[in-house]
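One structure is given below, encoded as structure tokens.
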Amino acid sequence: MNTLYLRLLLSGCFSVVVVGCSMGVATISSSGQLTTVSREEFDEQQAEQAKKRGPDMYRQLIPTAHREIWNTNYFKGSSLENIDRNSIDYNSLTSQHINRLSENPTEGTIDIKYRRSSLYTLMIADLSDEYLHYQTRYIFGSSRLPEKFNDHNIGPYQVPGKAGDPGQAEHIGNYLNSNKVAKQLVARWFNRGGDGGFNMNLVARRGEYNASDLNIKVALHSSRGKAMLKDAGEELIGNTFVVVYDFENINNDRKVALFRYSLKSSITTRAYLYRLVWNDAVAAVFYNDYWMDKNDIDPSRKAAFDASDIFKLEYIGSVVVDENSNTGIVKHSKEQLKILEKETLDWNEVSLIQDDAVIKKALNVCLNELERKYEEFRTKFPLFSGDPIAAKVGTKEGIKAGDRFEVLEQLLHEDGATGYRRVGIIKVAEEEDIWNNTTQGDWFGESSESEYTIFQGAKGKYESGMLIRQID
């Protein structure tokens, strides 16, 4: 049970609703006076109250949003249009989200490291609906990426547009191209400084390479060096994705019955997936024509990169999900009700909590559905143990009974390149074998006893650290 949310409710009952009946709804004001209105009048009053107070409430909260702070500190604006794209110092972007599973193992756990896809996320900012705009902007700005992805956000996260636009994919594509997002993703990968110099620090850290082996001047003149650069391109840079979310609507359905209050939030969200194009031809131009480090700054190379248009994003596809979140609280006795009746329940605050839950749930579900639909976006997960066959993934990652995964052994070739060999197939047999890791934020959800999902497969064949990837 989330004690923070429960405390909000238990400290906040009951200025709005006390009793519901077929004839009407009884309400208690802050002064303690009892009045009765029809259910229709009550619903209209609450809707009007939310409409008036909602935008102001979210507007005041926006400065506390993680990405809003990050964006303001480094970019001084909420749109890429306010940025001098040729002078961003990516070395200064220190807000790197650390994956706790791979980099901060707790005592008694295995330190499992594996290469993740990198992700940059944005949202459609529809100013025509003020409440929806501030609401989604705050909640999206407060969210963090799932730990199965490297955080490759480059700052601005709002795409001006109309929610639910039938031509949204084309609109997003035009925005990403005109704002040179693909080039900025590349610049981020190589920590481009304000002087135009690059380094391999981020590539080395995410790919677990020896930084000295990635000296570009040396690497370009050896077979091993070229193989490692190619490996980094295929394993890391080429697996850089952009997802743009379009929140089409959100509805809050409030219901009142005798000694009972409930709220259901629902939202329709579309997610559009793009992939950075990084191939041998693009890599050759980058390393041969644009690359320079801090010890060899060349203004002509800086100008060449600034003027380049070889970096592109490829549109992969989209998914649409309809998500809802239910919350209820029951007062079991009149004595409890009497204790709480003089306190205040702020419907807007409860709606904020509920909206936060349903929107963040939609963000995760969209990513899971994109993985199911598009093979190139599917994530590799490490096995936590070989006996039982288990991995730290669960309902939050969209795991379902019947899902099948290939088990991959990671190979390191003599030239330094990475390869994979399939060693078998495993399957999720039953719902009860799946780790329920989505109970956080669910007021009355029971925490799962296990912290991993159990798979069925050949005994004694798999080991901790092998990778699994979902298959059709």
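Coordinate-derived values only; no laboratory data. On a predicted model such as this, the values are computed, not experimentally measured, just so you know. We place every Cβ from the backbone using ideal geometry, glycine too, and count neighbours over all the protein chains shown.
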### Message
Run the numbers for Lys459 and Glu375: contour at 0.36 nm per residue of separation, minus the present Cα-Cα distance, in nm.
### Response
27.5 nm
### Query
Which entries in the list Lys230/Lys396; Lys392/Lys461; Lys183/Lys400; Lys230/Lys302; Lys360/Lys400 go over 28 Å, if you measure between the two C-alpha atoms of each?
Lys230/Lys396; Lys183/Lys400
### Query
Sorted from fewest to most neighbouring beta carbons within 10 Å, what does the list Met123, Met466 look like?
Met466, Met123
### Query
How much length, in nm to one decimal, is gained on full extension between Glu314 and Ala284, taken as 0.36 nm per residue of separation minus their Cα-Cα distance?
8.9 nm
